[in-house]
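K.L.:
This is the structure I want to talk about, given as structure tokens.
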Amino acid sequence: MNILSKILSFIFVATMLLSCDKSDNDTVELRDYQEQYITDLANIEEYMKTHYMTVVSNPGQPDDMDVIFTKIPEGGSQVSVWDQTDYPVQTREISVDHGDSEVSYKIYFLKLREGSGKKPCNVDNVFAGYRGEYIYKETTTVDNVTTTEVLGKQFEENKNSQTKFLLYGGVIRGWSEIFPQFRTGTYSENPDGTISHNDFGAGVMFLPSGLAYFGTSKSTIPSYSPLIFTIKLFELERTDQDGDGIPSYLEDLNGDGYMYLLKKGVSNIDNTDEADEKDGNYIPDFLDADDDGDGYLTSYEIKNLSATPIYTYPFDEIPTCGTSGNGKKRHLDKTCHN
Ligand SMILES: [Ca+2]
Ligand SMILES: [Ca+2]
Ligand SMILES: [Ca+2]
Ligand SMILES: [Ca+2]
């Protein structure tokens, strides 16, 4: 078995923990997303300002570039996660439609190392390791003095580099947003059959509960917990959601690494044909089997019918419509088909 097929003979862990499941809480009224976000953000920031980080270097191992968070002791001189400059705190801002309300989220994340390989888009599959902690508040009273601390507690760790996750709907939203910020690494097989992983992307994300499990309690994670994930991106697998023969990441029209999902009444920047609106939804190309809406399937338009045998063009070689067209490849141009 070659290394790649060994890597790809993944263990598909039933991602109970990471899949969406709101069934346990059907009868309880959920809190307001916006209000909860404000609370979560305050707790995340307090955590970042009261803890310091220690990065563990362990080259070749799946736990390389691991990070440990520790509460800064009273009077301690350690530099907080918030103030340290070795791994600048970055933010990603997104707007999420929760049905009744739309919330503008700010996600803090750190790159311990970006990685040297390919970048997943937000609908690809990733092979990843992680450690998760939830953030909670603890109030203690000693001699009539009450103090409240924001602390973190680990709930799970997975060091197996062959665990696969579907960023498109198979994980919490925060993961789909932050994994595309990293790159994969390299791997090589050792004489003893083990695999060394090098230069893979490694980082940390701090997620408000609205981008995690929100009102659902999951195994040991209390409901409404902001979560911290330390992640490693070992490898990725491209996906083709609409099965048209073009991998989804090549249907990312504005090239930002993210496929925009359906949003009622709003046109979609990853959609070629504005006319393919359905019930107020604009279908982005990665979910559309006829991208230009000319009545000919993309899978047909990207075939070379004059060759023997007939084959599907590699993406870069898909022809345009020539002088009659708009200059785009013919599956994105209504003026020609095949
Ligand atoms: Ca496709
Ligand atoms: Ca895009
Ligand atoms: Ca078409
Ligand atoms: Ca066409």
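K.L.:
Among strands (runs of 3 or more DSSP E) lying entirely in region 131-214, which contain 3 or more residues that are surrounded by fewer than 19 Cβ atoms within 10 Å (Cβ to Cβ), modelled with pLDDT of 95 or more and assigned by TED's automatic domain parsing to the domain that holds TYR87?
P.N.:
In region 131-214, the matching strands (runs of 3 or more DSSP E) lie at 145-158.
K.L.:
If you go through region 41-94 one residue at a time, how many are surrounded by 16 or more Cβ atoms within 10 Å (Cβ to Cβ), modelled with pLDDT under 95 and hydroxyl-bearing (Ser, Thr, Tyr)?
P.N.:
Summing the residues that are surrounded by 16 or more Cβ atoms within 10 Å (Cβ to Cβ), modelled with pLDDT under 95 and hydroxyl-bearing (Ser, Thr, Tyr) in region 41-94 gives 0.
K.L.:
If you don't mind, another one. Can you tell me which condition ASN281 does not meet? The list is (1) loosely packed, with under 14 Cβ neighbours inside 10 Å; (2) among the polar types (S, T, N, Q); (3) more than 16 Å from ligand 2 (Cβ to nearest atom), and all the others hold.
P.N.:
(1)
K.L.:
Follow-up question, since we're still on this one. Is region 232-243 home to any residue that is modelled with pLDDT under 95 and outside any loop (DSSP other than H, G, I, E, B)?
P.N.:
No, that holds for no residue.
K.L.:
Given the conditions (1) more than 16 Å from ligand 3 (Cβ to nearest atom); (2) of a type in the set (Gly, Ala, Ser); (3) without any contact (Cβ under 8 Å) to a residue 40 or more places away in the chain; (4) more than 18 Å from PHE179 (Cβ to Cβ), which single one is not true for SER223?
P.N.:
Failed condition: (3).
K.L.:
Go through region 291-338 and count every residue that is of a type in the set (Ser, Thr, Tyr), over 21 Å from ASP242 (Cβ atoms) and not in a loop (DSSP other than H, G, I, E, B).
P.N.:
Number satisfying all stated conditions: 3.
K.L.:
Could you list, in sequence order, all residues of region 284-302 that are in contact (Cβ under 8 Å) with a residue 24 or more places away in the chain, charged (D, E, K, R) and either surrounded by fewer than 16 Cβ atoms within 10 Å (Cβ to Cβ) or within 12 Å of ligand 1 (Cβ to nearest atom) (or both)?
P.N.:
Of everything in region 284-302, those that are in contact (Cβ under 8 Å) with a residue 24 or more places away in the chain, charged (D, E, K, R) and either surrounded by fewer than 16 Cβ atoms within 10 Å (Cβ to Cβ) or within 12 Å of ligand 1 (Cβ to nearest atom) (or both) turn out to be ASP285, ASP288, ASP291.
K.L.:
Out of ASN338, ASN271, I need the residue that is modelled with pLDDT under 95, within 16 Å of ligand 4 (Cβ to nearest atom) and either charged (D, E, K, R) or crowded, with 18+ Cβ neighbours inside 10 Å (or both). Which one?
P.N.:
ASN271
The values are calculated or read from the model by the stated rules, or taken from the named source; none is laboratory data. Small disclaimer: the values here were computed from a predicted structure and weren't measured. Cβ atoms come from the backbone with ideal geometry, glycine included; neighbour counts cover every protein chain shown.
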